[in-house]
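In what follows, a structure is listed as structure tokens, so that the remarks can point back to it.
The values are calculated or read from the model by the stated rules, or taken from the named source; none is laboratory data. None of the values given here were measured: they were computed from a predicted structure. Here the Cβ is made from the backbone with ideal geometry for all residues, glycine too, and neighbour counts use every protein chain on show. Keep in mind that these areas ignore ligands, DNA and RNA; they rest on the heavy atoms of the full protein, side chains included. Shrake-Rupley method; radii C 1.70, N 1.55, O 1.52, S 1.80 Å.
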Amino acid sequence: MQNILITGANGQLGHELTGLSYTHPYKAYKFFRTGREELDIANSEQVNRYFENHRVDCIINCAAYTGVDKAESNTEEALHVNGYAVEGLVSLAARNNTRFIHVSTDYVFDGKNHRPYIEEDPVNPVSVYGRSKLIGEKAVLDYEHGTVVRTSWLYSPTGKNFFNTILKIAEEKNELSVVYDQIGTPTYTRDVARVLLALALKALDDKDPYTGGLYHYSNEGVCSWYDFALEIIRLAGKICKVIPIETIDYPTPATRPHYSLLSKNKIKSELSLTIPHWKESLKGCINQLN
Ligand SMILES: NC(=O)c1ccc[n+]([C@@H]2O[C@H](COP(=O)([O-])OP(=O)(O)OC[C@H]3O[C@@H](n4cnc5c(N)ncnc54)[C@H](OP(=O)(O)O)[C@@H]3O)[C@@H](O)[C@H]2O)c1
């Protein structure tokens with residue numbers, strides 16, 4: 001039986017992967033699902049010990065420092081967890097011939113494009129978080145069995161995310177203000193988790209010539225955070241006025257790209273995928289919540 005390690009298993013994406021890992025066809029694999037307590041990826045001693053005690057055939061790395069604003073002041077930790085710790089994991093993986101599936105972000109781009117970003121587009125992060133994620137993804141892509149999936153605007157019924165924040169505010173207030181000049185695509189964790197597992201199985205299949213690479217994945221469609229908030233409130237049947245505002249009127253410590261739409265053409269053709277539209281997936285998430 002082949003062993004798959006999920007790191008950051010208590011985060012929103014890790015939690016989703018954990019749930020899926022108990023279902024067909026993943027039952028044929030043994031999963032190690034580790035939260036930060038069991039496996040702190042920034043603790044090299046602990047990581048080394050973990051690899052000594054477990055044979056890991058594939059790692060799906062969901063552990064990350066995801067506080068985009070906090071990273072601006074907590075730079076060291078963000079760079080360490082998202083960058084240098086990933087470099088360490090990659091060198092251990094290389095020594096153990098472990099396949100490496102890593103998650104990165106649309107925030108490696110500066111948002112100045114006028115068409116969806118393809119994998120070959122130049123990166124230019126405008127935040128510490130984006131910079132830190134770029135260090136990690138470079139390390140994984142330098143590894144012959146490394147795969148990086150850049151995704152965007154993750155949400156799920158669990159965890160701290162925009163979806164849950166909007167639902168909470170809509171319970172408590174009659175109106176809220178949301179930026180309309182940041183454009184991208186929300187992505188349901190369940191959809192990207194399926195893709196990560198498909199890539200892991202592909203990487204573990206000796207008969208498959210697959211050797212990793214860089215992919216963009218989000219749900220289909222495009223919207224602003226304002227549109228996303230409106231649709232969450234509408235589908236959840238809440239009554240709350242949403243006021244569109246500009247980023248300049250909602251200052252945050254970290255700069256975010258104004259446009260970070262990802263082109264999914266590569267992953268769609270290589271994995272023969274049909275990707276759900278973000279509104280369809282949002283419906284699914286709300287149903288899961290109910
Ligand atoms: N959220 C988004 O909108 C978004 C968008 C694009 C890409 N991504 C990427 O998607 C991946 C998953 O993100 P997510 O949304 O699931 O984030 P999340 O909910 O914040 O989960 C991240 C998990 O990593 C854990 N973690 C942090 N430092 C760790 C360490 N040193 N060792 C082990 N675990 C550690 C966190 O634990 P604690 O809670 O204890 O800190 C948390 O459980 C990340 O790579 C992220 O960069 C996220």
Going through the range 1-37 in order, the residues found to be charged (D, E, K, R) and under 14 Å from Asn61 (Cα atoms) are Glu16, Arg33, Arg36
May I ask you to list the residues in the range 158-168 that are at pLDDT 95 or above and outside any helix (DSSP H, G or I)? Asn161
Members of the range 1-22 found to be under 25 Å from Asn82 (Cβ atoms) and either open to solvent by 50 Å² or more (accessible area, probe 1.4 Å) or of a type in the set (A, V, I, L, M) (or both), listed by number: Ile4, Leu5, Ile6, Ala9, Asn10, Leu13, His15, Leu17, Leu20
Filter the range 161-178 down to the residues that are in contact (Cβ under 8 Å) with a residue 60 or more places away in the chain and within 15 Å of the ligand (Cβ to nearest atom), then identify the one that is surrounded by the most Cβ atoms within 10 Å (Cβ to Cβ). Phe163
For the list (1) over 13 Å from the mean Cα position of the chain (by Cα); (2) modelled with pLDDT of 95 or more; (3) open to solvent by 20 Å² or more (accessible area, probe 1.4 Å), I need the number of the one condition that Pro25 fails. (2)
Go through the residues of the range 200-207 one by one and say whether even a single one is over 30 Å from Arg99 (Cβ atoms) and in contact with an Asp or Glu (Cβ under 8 Å, 6 or more places away or on another chain). no
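Each row is one residue, and each column tells you yes or no for (1) over 17 Å from the mean Cα position of the chain (by Cα); (2) open to solvent by 20 Å² or more (accessible area, probe 1.4 Å); (3) closer than 17 Å to Arg150 by Cα.
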residue	(1), (2), (3)
Lys30	yes, yes, no
Phe51	yes, no, no
His54	yes, yes, no
Asp57	yes, yes, no
Ser91	yes, yes, no
Asp106	no, no, yes
Gly111	yes, no, yes
Glu120	yes, yes, yes
Val128	no, no, yes
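Yes/no per residue for (1) within 29 Å of Arg256 (Cβ to Cβ); (2) within 11 Å of the ligand (Cβ to nearest atom); (3) not in a loop (DSSP other than H, G, I, E, B):
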site	(1), (2), (3)
Ala9	yes, yes, no
His15	yes, yes, yes
Arg33	no, no, yes
Ala42	yes, yes, no
Glu45	no, no, yes
Asn48	no, no, yes
Gly67	yes, yes, no
Glu76	yes, no, yes
Glu87	yes, no, yes
For the range 87-107, give me each residue that is touching a strand residue (DSSP E or B) at 6+ places or on another chain (Cβ under 7 Å) and not polar (S, T, N, Q). Leu89, Val90, Ala93, Arg99, Phe100, Ile101, His102, Val103, Asp106
Would you pick out the residues in the range 50-65 that are within 14 Å of the ligand (Cβ to nearest atom) and closer than 23 Å to Ala203 by Cβ? Tyr50, Ile59, Ile60, Asn61, Cys62, Ala63, Ala64
For the range 93-104, what are the residues that are surrounded by fewer than 17 Cβ atoms within 10 Å (Cβ to Cβ) and part of a loop (DSSP other than H, G, I, E, B)? Asn97
